[in-house]
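Here the structure comes first, spelled out in structure tokens, and everything after it is commentary.
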Amino acid sequence: MDPMYDAQDEIERLKQEVERLQKQIATQQSVANLPQSLIDNLEFITDLARYAEGLFTEQQVKKKHHFDDATWARLGENEALIEKIEAEKTRRIRNGVTARERAQQHFATVPNVLGDILNDSSSSPRHRIEAAREIRQVAANEAENKSSDRFVINIDLGEDYKLMINKPRKSGLDDDGKIIEGTTSPTAITDQSKDDWRKW
């Protein structure tokens, strides 16, 4: 074999190895010394917490934050980053965000399941009708869904007296800032009506 040819091959191989090592060192330094702004970036930490919880895929996180495979492989070496992710996971579990996001992922598949039941001729008519009702509810626009969360009572006794009660159906804060501790009782509606009658 030509010694000159072997030497050129060896030089080319060494150049490639040097380039590989330089990239590896640069990646290690960039991950080991992540900028504090990135470690303090809540969106970045939350995305990594979602990945750890199984809500995001590795590909989704890498694509969103423009990580290559080498950088991704080294992220786990930064202790400050790991601590931030673990703290965020704990916070999300305690305030129920993780459970809600998992439920939302499952809920996204509901229309497909309902559609399968609706279009399955071997399903009982009752199940198909119930599936159609549920699909209609899911497909309802936002205004329809909001109106179903309120009860509205209109009393019209001519031009002298008109009364409208429009209140939230669920527990929580009323439109006036008062706390609703359960479903509104008929007594509360009657009392309000009586008060309004006295005004006239």
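Brief remarks on what is shown
- Karplus 3J(HN,Hα) series, Hz, for region 109-116 with 6.51 cos²θ - 1.76 cosθ + 1.60 (x for Gly, Pro): 8, 4, x, 5, 5, 5, x, 5
- PHE56 long-range amide H proximity, modeled H, under 5 Å: TYR51
- Modelled spin-label separation between ARG133 and ARG13, with each label point placed 7 Å from Cα along the Cα-to-Cβ direction: 7.5 nm.
- Extension gain, GLU101 back to ALA140 (0.36 nm per residue minus Cα-Cα distance, nm): 11.9 nm
- Karplus-derived 3J(HN,Hα) values for region 90-105, using 6.51 cos²θ - 1.76 cosθ + 1.60 with θ = phi - 60°, are 4, 4, 5, 5, 5, 8, x, 5, 4, 4, 5, 5, 5, 4, 5, 5 Hz; glycine and proline are entered as x.
Just so you know, all these numbers are worked out from the coordinates, no wet-lab data involved. It should be emphasised that the depicted structure is a prediction, and the values quoted were computed from it without experimental measurement. Virtual Cβ from ideal backbone geometry, glycine too; neighbours counted across all protein chains shown.
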